[in-house]
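Okay, so here's the structure we're looking at.
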Amino acid sequence: MKAKLEEIRERAKEELSKANAIENLEELRVKYAGKKGELTAILKQMGKLSPEERPVIGQLANEVRSYIDNAIETKKAELNELKLQRQLEEEKIDVTLPSNTEPLGHKHPLSIVLDEIKEIFVGMGFEIVEGPEVEYDYYNFEALNIPKDHPARDTQDTFYITDNIVLRTQTSPVQVRVMEKKKPPIRIISPGRVFRSDAVDATHSPLFHQIEGLVVDKDITFADLKGTLETFIKRLYGEDSVVRFRPHHFPFTEPSAEVDVQCFSCKGKGCRVCKNEGWIEILGCGMVHPKVLENCGIDPEEYSGFALGLGLERVAMRRYGVDDMRLFFENDTRFLSQF
């Protein structure tokens, strides 16, 4: 029995030296020191020994068990250390290597143009104001001298939420709200989103952006409007820009005009860009209708004013040579990364 215990120790020592995984150690522990292990089997036979032999064999069996337990713990520590070293080698990071560059966002082309327009008007003393996109019929139409039977109120053009509430079709309602609350002098621009029931194509969208301008004070004339717009256009498109005013009609201005700028490509000779007209329409404007002033509690005998409105997408399309408005809204990074 003593020889068997020595043999178990030697075999355990040899097998532990060859073990290369934590799982192998657990298998060896069960094999030698488990409930059905070889050591347990030896101890079950101690009843056959004489009283003199039992203490000797019992002590040796405990020494062998203690040896195996300690050897397993020592081997486990070695294997864990080797595992850690391998992990450190495999997962190490060279901090001197250049990192992968993450793509950074930047301003949207519409925001670039809008910020430039804001800067120009603020430089001329204008204030920036905003208003609600869901608007009362009164502010969107009636206060702007657009009666119930006017074609612009047709449901084909306007998104009606109720009979009295609409998605604003223009930023002009902001002018009315400002004139109701503030006494002249007034000098504001109002950029924002507007909505119209248009089919989506290269030049139309049910959602687009407008920038509305308003000046109200004593002795404001069409000459002030003309000078303001010429200054704005030259700042936006260059000092060599040529501006043309054409008579037009808007219910909320009288007289009214549309403003064209000479084609940047052909300088007025006619080309594909300007559809062979030599001029490109960029905005509408006019003197504020006396009835609109009255609706806002401003005496048209004492005060006068002018208003202007331009489409942000149209300005951006001209600026960057974009021929499809949908590109501004599709968020294709291949398009946006060019700006």
Report summary line: Working note, the range 52-190: Cα radius of gyration (Å, one decimal) and Dmax (Å, whole number) are 40.7, 124
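Would you please give the FRET efficiency between E52 and T101, computed as 1/(1 + (r/R0)^6) with r the Cβ-Cβ distance and R0 = 51 Å, to the nearest 0.05?
My answer for the efficiency is 0.05.
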Query raised in the report: Just from its helices, what would the mean residue ellipticity at 222 nm be for the chain, if runs of 4 or more DSSP H residues each count -39500 (n - 2.57) and the sum is divided by every residue, rounded to the nearest 500 deg cm²/dmol?
Result: -13000 deg cm²/dmol
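Kindly put M179, M124 in sequence by how many other C-beta atoms sit within 10 Å of each C-beta, fewest to most.
Starting with the residue having the fewest Cβ neighbours, the order is M124, M179.
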Report summary line: Cα-Cα longer than 18 Å, checked against K4/K31; K118/K291; K182/K218; K118/K181, kept in input order, equals K118/K291; K118/K181
Query - the chain - Rg over Rh from alpha carbon coordinates, Kirkwood radius - result: 1.60
Report task. Report the Cys residues of the chain lacking a disulfide-compatible partner, meaning no second Cys Cβ under 4.7 Å from their Cβ. Result -> C285, C296
Query raised in the report: If one takes the longest principal axis of the Cα atoms in the chain, at what angle in degrees, from 0 to 90 and to the nearest 10, does the Cα axis of helix 109-123 lie?
Result: 50 degrees
Report task. Within the set of other residues whose C-beta is less than 11 Å from the C-beta of L310, count the net charge using Lys and Arg as +1 and Asp and Glu as -1. Result -> -2
Query raised in the report: For the range 207-329, what does the equivalent ellipsoid look like in terms of its semi-axes, each the square root of 5 times an eigenvalue of the Cα gyration tensor, given largest first in whole Å?
Result: 29, 16, 12
Query raised in the report: Which length gain, in nm to one decimal place, applies between F339 and E180 when the Cα-Cα distance is subtracted from 0.36 nm times their residue separation?
Result: 53.3 nm
Report task. Can you put S256, S66 in order of Cβ neighbours within 10 angstrom, beginning with the fewest? Result -> S66, S256
Query raised in the report: What is the calculated FRET efficiency for H108 to E302, with r their C-beta to C-beta distance and R₀ = 56 Å, to the nearest 0.05?
Result: 0.85
Report task. Let me know the charge dipole size of the chain about its Cα centre in debye, to the nearest 20, where only the beta-carbon of Lys, Arg (+1) and Asp, Glu (-1) is charged. Result -> 1420 debye
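Every number in this text was worked out from the coordinates using simple rules, so none of it is lab data. Every value quoted in this text rests on a predicted model; they were computed, and no experiment measured them. Glycine also receives a Cβ, built like all others from the backbone with ideal geometry; neighbour counts cover every protein chain displayed.
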